[in-house]
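The values are calculated or read from the model by the stated rules, or taken from the named source; none is laboratory data. This one's a predicted model, so the numbers in the text were calculated from it and none came from an experiment. All Cβ positions, even for glycine, are placed from backbone atoms using ideal geometry, and neighbour counts span all protein chains on display.
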Amino acid sequence: MFTGIHHPGYIVENLDDTIAFYENTLGGKCIKRGTPSATGRNAFVQVGDVLMELVEPADKSRLGGRHGQVLDHIGYIVPDIQKAAAELKAKGVRFATPEPTTSIIGVKIWYLDTADTQGTRIHLTQV
């Protein structure tokens, strides 16, 4: 079903400082920043062949008292998001939303319900 990992997503204390770390220390490049919203700010950073999403939540309690970067979710690549969702639904897996959404970098994503993933935030990603 999965053909690869699209990106890990990290919750961060300070988006600007974290982007600067990836750019200045690891040679990364910020390829897209999201529009700030009531839920926070996000950006996608590319380091070599690896893409990651950085999310600064408006509600810092999402960091769970931890500092720095906290792994938030993983996006798995699927060739056909509807087909993959149908396969998972047939196995009793539920989704967090009725339909997929489009990320700030223009790919379709669809989060699985964490009640069915042992608490892990996972989304299907169709590129």
What is the residue count in the stretch 104-116 for residues that are under 17 Å from HIS6 (Cβ atoms) and without any contact (Cβ under 8 Å) to a residue 24 or more places away in the chain?
-> 1
Members of the stretch 111-127 that are in a strand (DSSP E or B), over 20 Å from VAL50 (Cβ atoms) and either aliphatic (A, V, I, L, M) or in contact with a helix residue (DSSP H, G or I) (Cβ under 6 Å, 6 or more places away or on another chain) (or both) = LEU112
For the stretch 51-73, how many residues are outside any loop (DSSP other than H, G, I, E, B) and in contact (Cβ under 8 Å) with a residue 24 or more places away in the chain?
-> 15
Residue check: is GLY68 among the small types (Gly, Ala, Ser) and at pLDDT 95 or above?
-> no
With respect to ILE31, is the statement that it is within 12 Å of the chain's Cα centre (by Cα) and either more than 17 Å from HIS123 (Cβ to Cβ) or modelled with pLDDT of 95 or more (or both) true?
-> no
Which of the following residues is in contact (Cβ under 8 Å) with a residue 40 or more places away in the chain and either under 18 Å from THR3 (Cβ atoms) or in contact with a helix residue (DSSP H, G or I) (Cβ under 6 Å, 6 or more places away or on another chain) (or both): VAL78, VAL93?
-> VAL78
Exclusive hit being surrounded by 17 or more Cβ atoms within 10 Å (Cβ to Cβ) and at pLDDT below 95, set LEU63, LEU54, LEU88 = LEU63
Taking the stretch 1-50, which residues are assigned to a helix (DSSP H, G or I) and surrounded by 18 or more Cβ atoms within 10 Å (Cβ to Cβ)?
-> LEU15, THR18, ILE19, TYR22
Would you check if VAL93 is in a loop (DSSP other than H, G, I, E, B), in contact with an Asp or Glu (Cβ under 8 Å, 6 or more places away or on another chain) and surrounded by 13 or more Cβ atoms within 10 Å (Cβ to Cβ)?
-> yes
